[in-house]
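Colleague: Structure provided below as structure tokens; questions to follow.
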Amino acid sequence: MYQQNPNIAVWNSANEYIESAEILLDHNRLHSAVILAAIAVEVLLKTFLAKRVEPWRAETERGHSYVTLFKALSANDREDLSVYFNRQDYLLSLEDGLCQFSGLFVELRYPYERTAPHRYGSDVIYFARALCDAVCEIGRVRE
């Protein structure tokens, strides 16, 4: 069975999360926007790890750590992702962003818990968009 790398079905899911995050950000719903962007980053990394099971269906690795997922990518995928991400006009390198935002989804998803951070910003939303665009470009080049 043909395996896309990156997997377009998985990428499509991540892109929808990011588009939703951008809409929520425009409506001052920062917390929900950050959660969606954080899960989108995770899913974008999983586009390279996905196994196609049938058309528009895939299985992906479990886990939320961006750093762990990035390390699970092949050397070629890590290199391409770094190159294409760093072509985007984003303030951080890919690796720095992955380290900075790793764990954000887990930390923020239950905002009512005592241990939840109370300060966060929209940075991860812009990071997720830049990563999404880089993955899309890699998909175009690899077709």
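Colleague: For E107 paired with D26, estimate the spin-label separation in nm (one decimal), with each label point 7 Å from Cα along the Cα-to-Cβ line.
Modeller: Between E107 and D26, the simple spin-label model gives 2.9 nm.
Colleague: Moving to a separate point now. Return the sequence-ordered ³J(HN,Hα) values of the stretch 4-19 in whole Hz as given by the Karplus equation 6.51 cos²θ - 1.76 cosθ + 1.60 applied to θ = phi - 60°, using x for Gly and Pro.
Modeller: So the J values, rounded to whole Hz, are 6, 9, x, 6, 5, 5, 5, 4, 4, 4, 5, 4, 5, 4, 5, 4.
Colleague: Next up: Which of the listed residues, Y112, A130, N12, is farthest toward the dipole's positive end in the chain, when Lys, Arg count +1 and Asp, Glu count -1 at the beta-carbon?
Modeller: Most positive-ward Cα: Y112.
Colleague: Calculate for the chain the 222 nm mean residue ellipticity that helices alone would give, adding -39,500 (n - 2.57) per DSSP H run of length 4 or more and normalising by residue count, nearest 500 deg cm²/dmol.
Modeller: About -19500 deg cm²/dmol.
Colleague: Starting from the 7 Å offset along Cα-to-Cβ, what nm value, one decimal, do you get for the label separation of R87 and R119?
Modeller: Between R87 and R119, the label points sit 3.7 nm apart.
Colleague: OK, next. Specify which labelled value, from (1) 25, 16, 15; (2) 28, 24, 17; (3) 21, 17, 16, agrees with semi-axes √(5λ) of the Cα gyration tensor in Å derived from the coordinates of the model shown.
Modeller: (1)
Colleague: Between E19 and E137, what FRET efficiency follows from the Cβ-Cβ distance if R0 is 25 Å, with the result rounded to 0.05?
Modeller: Working from the Cβ atoms, E equals 0.90.
Colleague: Still on this structure, I have one more. Report the local net charge at I18: Lys and Arg +1, Asp and Glu -1, summed over other residues whose C-beta lies under 10 Å from its C-beta.
Modeller: Here the count lands on -3.
Since every read-out is calculated from the coordinates, none of them should be taken as a lab result. The structure presented is a predicted model; accordingly, all values stated were derived computationally and were not measured. Counting neighbours? That spans all protein chains shown, and the Cβs are built from the backbone with ideal geometry, glycine included.
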